[in-house]
Every structure is written in structure tokens, then in C-alpha cells.
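All of the numbers you see were taken from the coordinates with simple rules; none came from a lab. What you see is a predicted model; the values in this text were computed from it and never measured. A quick note on method: Cβ atoms are made from the backbone with ideal geometry, for glycine too, and the neighbour counts reach across all protein chains shown.
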Amino acid sequence: MNVVVIGKSGNLAASLAQIAPDFTYLSKEEFSFDKLNDIKPEFIINTAAYTKVDLAETEKASALELNCEFPKKLAMWCKENDAYLIHISTDYVFDGEGAAPYKTTDITNPVNFYGYTKRLGEEAVLGNCPKSIIIRTSWLYSSYGNNFVKTMIRLLSEKPEIKVVNDQIGCPTSCLNLAEVITKIIQNPIPGLYHYTDKDIMSWYDFAVKISDIIGNGRVLPITSNEYPLPAKRPMYSVLNCAVICEKYDIVQKEFDESLKKVINDYCRNSVV
């Protein structure tokens with residue numbers, strides 16, 4: 001099967017490479033439509049994104065280009081070449097004011113510019129590629145790249161205590177688990193919009209405490225979002241309902257504890273913490 005993955009330096013693409021080394025991996029800098037024309041992939045997996053949530057408030061043109069305009073161009077190419085496009089999106093398309101896990105049919109209402117660009121990207125993909133598959137996910141982490149787990153390991157190793165917000169609720173998701181879901185979808189692709197996260201619901205504070213417990217370093221103190229103001233507002237509750245993808249693809253959401261331990265063990269085995 002001929003599959004191209006775009007964004008090879010990111011967390012998800014690196015995790016995909018672990019379980020699907022035969023795919024073709026291109027960084028955004030290496031990518032060109034001439035290369036796509038030469039490779040003629042049956043599937044494109046777009047993991048490239050502008051993910052700097054706070055900087056997106058000021059670097060709007062860059063966020064729009066990578067999160068909206070680029071996916072639109074990919075979608076148009078896929079339509080012209082009868083290829084599937086798997087595009088990764090985010091829980092940040094929702095406003096976080098709900099009290100139950102968000103379904104794929106729920107109305108989006110992003111509260112920051114990053115989320116707005118990701119919603120535009122979804123619309124561009126669905127509107128231009130009949131064979132598109134969008135997967136919204138949340139709080140991705142891996143042993144690669146930049147992510148919350150690696151940041152917490154570093155901070156907990158440098159400081160006796162750290163403070164983490166306890167009033168933003170979501171589902172941490174291992175990139176390796178999401179990569180396994182993507183490879184399963186490729187075996188029987190059904191176009192549409194899906195949600196996938198790992199199983200457990202928690203706050204960023206809970207997440208950090210779990211990391212601290214595993215590595216045996218530091219102390220984590222809870223604070224509110226008001227005590228830690230950032231340029232971009234975050235949704236307070238962004239849990240995703242994953243029933244549709246689980247039913248269609250016979251997927252069981254992975255448990256958080258074992259997934260986190262594996263990522264931390266992989267990272268510590270290959271790094272000096």
C-alpha cells in the first residue's frame with residue numbers, strides 16, 4: 001500500500017514510523033506536489049500543523065497557511081487523484097462549555113485562533129475531498145518532539161515543585177495509540193469525521209501528577225487557569241465522545257496508565273533526563 005505521511009518530524013508521524021516504517025515520510029519542507037505526482041499515493045496522512053496555541057494569536061497568517069490553506073490544497077490533490085486524505089484535527093474546535101463528551105455532530109465553537117484555523121481546515125478538507133477522513137484527538141504526547149510529558153519530565157527534574165492547572169479537563173492520548181488507530185482505518189477506510197482519544201478523563205494537574213509518580217521526581221501543586229493566564233483562551237472541558245470510531249472500526253480505547261508508562265520508559269531509555 002502506497003502511503004505518504006506529511007510532517008515527519010512531529011510526535012504523531014514519528015510514532016507512525018515505529019509501527020509503519022514502509023510508509024513514505026516527508027517533512028513539510030521536503031514536501032511538494034511534484035513529489036506527490038511522482039509517488040502517486042493511495043493515502044495521504046497529514047500530521048503537519050501549526051500547534052503553537054498562544055503564538056497563533058499573533059502569527060495568524062502562519063497558522064492559517066498550515067492549518068487551513070495547506071490541507072485544502074492536499075484535499076484538492078486527493079480529489080483529482082482519487083486518493084484518501086487522513087487529516088488530524090483537535091478538541092480545540094469546541095468551546096469547552098459542555099458537560100458531556102463532545103460528539104462528532106456537536107456544533108463547533110473555538111475559543112482561540114488556533115482552534116478557529118483547525119475548524120477551517122476541517123471544512124476545507126471535507127468540502128474538497130470526497131475520500132477524506134478527519135480524526136479529532138486531544139492532548140497528544142509521545143517520546144518524540146515537544147509535548148507535555150517531556151516538558152513535565154524536564155521541569156520535575158529541575159525544580160522541587162511545579163504548578164499545573166487543575167480546571168481544564170480532557171483526555172491525554174498517546175501518539176502511538178493514535179498511530180495504531182490510523183493504520184487500522186487504512187485497512188478499511190470509511191470517509192467521515194471521527195473522534196479518537198485514549199480512555200481516561202483528567203485535568204492537566206492529574207496528568208502531571210501521574211508523570212511525577214512514574215519518574216519519582218518533584219511535587220505538583222494545583223492552580224486555576226486564572227492563576228496562570230495565557231494569551232490564548234483554552235476550552236475548560238474538551239472530552240471527545242469516541243463511540244463512532246470504536247463502533248465502525250472495532251476499536252477499544254487504550255488505558256492511560258500503561259500508555260504513559262510505555263512512553264516515559266521509551267523516552268528515558270533513549271535520553272538523559
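In plain terms, if you count all Cα to Cα distances in the range 73-225 and split them into 10 Å steps from zero, the share in each step is 10, 33, 33, 17, 6, 0 percent. On the principal axes of its alpha-carbon atoms, the chain has extents of 55, 39, 37 Å, going from largest to smallest.
Any chance you could give the angle, 0 to 90 degrees and rounded to 10, that helix 113-128 forms with the longest Cα principal axis of the chain? For helix 113-128, the angle is close to 20 degrees.
In terms of other Cβ atoms within 10 Å, 141, 267 run from fewest to most in the order 267, 141.
Its Cα centre serving as origin, the chain has a Cβ charge dipole (Lys and Arg +1, Asp and Glu -1) of approximately 220 debye.
For the chain, the longest principal axis of the alpha carbon atoms and the long axis of helix 70-80 meet at an angle near 30°.
Go through 158-169, 46-57, 114-125, 223-234 and give me the packing order, highest mean Cβ count within 10 Å leading. All intermediate terms of the calculation are to be shown ahead of the outcome.
On the way: 158-169: 15.6, 46-57: 20.6, 114-125: 23.8, 223-234: 13.2.
Going by the mean number of other Cβ atoms within 10 Å, highest first, we get 114-125, 46-57, 158-169, 223-234.
Helix 204-215 and the longest principal axis of the Cα set of the chain meet at an angle near 80°.
The Cα center of the range 33-71 and the Cα center of the range 173-191 differ in position by 19 Å. Residues whose amide H falls under 5 Å from that of residue 45, counting only those 5 or more places apart or on a different chain, are 4, 5, 6, 86, with hydrogens built in the peptide plane.
Across the cross-link table entries 8/118; 28/159; 8/35; 131/261; 73/199, which are compared at the Cα atoms, the separations over 27 Å belong to 28/159; 131/261; 73/199.
With a Förster radius of 30 Å applied to the beta-carbon distance between residue 19 and residue 213, the computed FRET efficiency rounds to 0.65.
Going by average Cβ neighbours within 10 Å, how do the peptides 31-37, 173-179 rank, with the highest at the top?
Averaged packing, sorted descending, gives the order 173-179, 31-37.
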